[in-house]
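Please read the structure below before turning to the comments.
The values are calculated or read from the model by the stated rules, or taken from the named source; none is laboratory data. Note that the structure is a prediction, hence the values are computed from the model and not measured. Positions of Cβ are generated from backbone atoms using ideal geometry, with glycine treated the same way; all protein chains shown enter the neighbour counts.
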Amino acid sequence: MIDWREIDTVLLDMDGTLLDLHFDSHFWLEHLPRRYVELHQLDQASQEALKSRIMGEQGTLNWYSLAYWSRELNVDIVALKREVQHLIGLRGDALDFLGWLKQAHPRVVLATNADRASLALKLPLTGLENYLDAIISSEDVGAAKEEQAFWFALQEREPFDPARTLFIDDNARVLESAREFGIKYLLGIKQPDSQRPEKELQEFVALDRFAQLLP
C-alpha cells in the first residue's frame, strides 16, 4: 500500500487514528451533557440543546478547546474528563505500528487538533510520547487542521516535504485540507470509534488495521 522508500515524514492524527474515538464520542455526546444539566440543575431539553451547541462548533478551534468549553459552560471540563478517563485507549495495533516506525526511522509527528489540556490528560495514559519525534497541536499554531493556515504553520515549525509525507487521519475534512496543501500520501481510518459503525471516506483509502501498511 505504501512504498516506504518514498516516505521521509509520517504525520499522525491522535483521536480516532492512534486512539479509539469512543472516549471522545462518549464524553462530548453523553457524559458532558448529562453532567452539565446535573451541575446546573437544568432540564432534559437543556441537555439536548447543549449537544446541538457542541456540534455547531465542529471543525473550529473552539470545538477542540477545553478552556473554551470550561468557560462557556462554567464547568471544569478536565475534571469531568477524568471521571471517564478509563475509556481512553489505543486503537488496535497502533503501538505495533508506532514501534515499527521507530525502527524504520521516518520522522514521526503527531499533528492533532487536540489542545494541550487534552494532550496532558491522554499522553501519560497511552505512552504515545515515547514514539513521537514532535507533537504539534492546533492550539500551538492558532488554526485547526481543517484550515490551510495549520499546514503552513506546521511546515514552518516542523519542515517536511509534502511529496514525501504520509498523513493518516480519520476526518475527511482534514484529509481534504491536507490534500489541498499538497501532501501526497493520505489515508483515512475505517472505524475510528470501536463502538460505532465503520465510516465511508469515499475519496480516501481507509485503513482497517495499521498492519496493512507494513512491508
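Counting just the residues of region 80-107 that are assigned to a helix (DSSP H, G or I) and free of Cβ contacts under 8 Å to residues at least 24 places away in the same chain, which one comes out farthest from Ala211 (Cα to Cα)?
Among those that are assigned to a helix (DSSP H, G or I) and free of Cβ contacts under 8 Å to residues at least 24 places away in the same chain, it is His86.
With the requirement that a residue be assigned to a helix (DSSP H, G or I), hydrophobic (A, V, I, L, M, F, W, C) and surrounded by fewer than 15 Cβ atoms within 10 Å (Cβ to Cβ), what does region 120-136 give you?
Across region 120-136, the qualifying residues are Ala120, Leu125.
I want to confirm something. Restricting to region 138-171 and keeping residues that are of a type in the set (Asp, Glu) and out of contact with any Pro (no Cβ under 8 Å at 6 or more places or on another chain), which single residue is nearest to Lys184 (Cα to Cα)? Please lay out each step first, then the result.
Applying the first criterion (of a type in the set (Asp, Glu)) to region 138-171 yields 139-140, 146-147, 156, 158, 161, 169-170.
Narrowing further to those that are out of contact with any Pro (no Cβ under 8 Å at 6 or more places or on another chain): 139-140, 146-147, 156, 158, 161, 169.
Values: Glu139: 25, Asp140: 24, Glu146: 17, Glu147: 17, Glu156: 18, Glu158: 17, Asp161: 9, Asp169: 14 Å.
So the residue we want is Asp161.
Table: residues versus (1) at pLDDT below 95; (2) acidic (Asp, Glu); (3) not assigned by TED's automatic domain parsing to the domain that holds Leu12.
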{"residue": "Ser65", "(1), (2), (3)": "yes, no, yes"}
{"residue": "Leu80", "(1), (2), (3)": "no, no, yes"}
{"residue": "Asp96", "(1), (2), (3)": "no, yes, no"}
{"residue": "Ala104", "(1), (2), (3)": "yes, no, no"}
{"residue": "Lys122", "(1), (2), (3)": "no, no, no"}
{"residue": "Leu125", "(1), (2), (3)": "no, no, no"}
{"residue": "Glu129", "(1), (2), (3)": "no, yes, no"}
{"residue": "Asp133", "(1), (2), (3)": "no, yes, no"}
{"residue": "Asp140", "(1), (2), (3)": "no, yes, no"}
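Any residue at all in region 146-154 that's modelled with pLDDT of 95 or more and within 22 Å of Asp3 (Cβ to Cβ)?
For region 146-154, residues modelled with pLDDT of 95 or more and within 22 Å of Asp3 (Cβ to Cβ): absent.
Here is a list: Glu156, Glu180, Glu146, Glu139. Which entry is surrounded by 15 or more Cβ atoms within 10 Å (Cβ to Cβ) and outside any loop (DSSP other than H, G, I, E, B)? Outline the logic, then answer.
Details: Glu156 fails: surrounded by 15 or more Cβ atoms within 10 Å (Cβ to Cβ); Glu180 fails: surrounded by 15 or more Cβ atoms within 10 Å (Cβ to Cβ); Glu146 fails: outside any loop (DSSP other than H, G, I, E, B).
The unique qualifying residue is Glu139.
State all residues of region 141-172 that are within 25 Å of Ala211 (Cβ to Cβ) and either out of contact with any Ser or Thr (no Cβ under 6 Å at 6 or more places or on another chain) or not aliphatic (A, V, I, L, M) (or both); if no residue qualifies, say none. Steps first, please.
Quick first cut of region 141-172, residues within 25 Å of Ala211 (Cβ to Cβ) only: 160, 164-172.
Selection gives Phe160, Arg164, Thr165, Leu166, Phe167, Asp169, Asp170, Asn171, Ala172.
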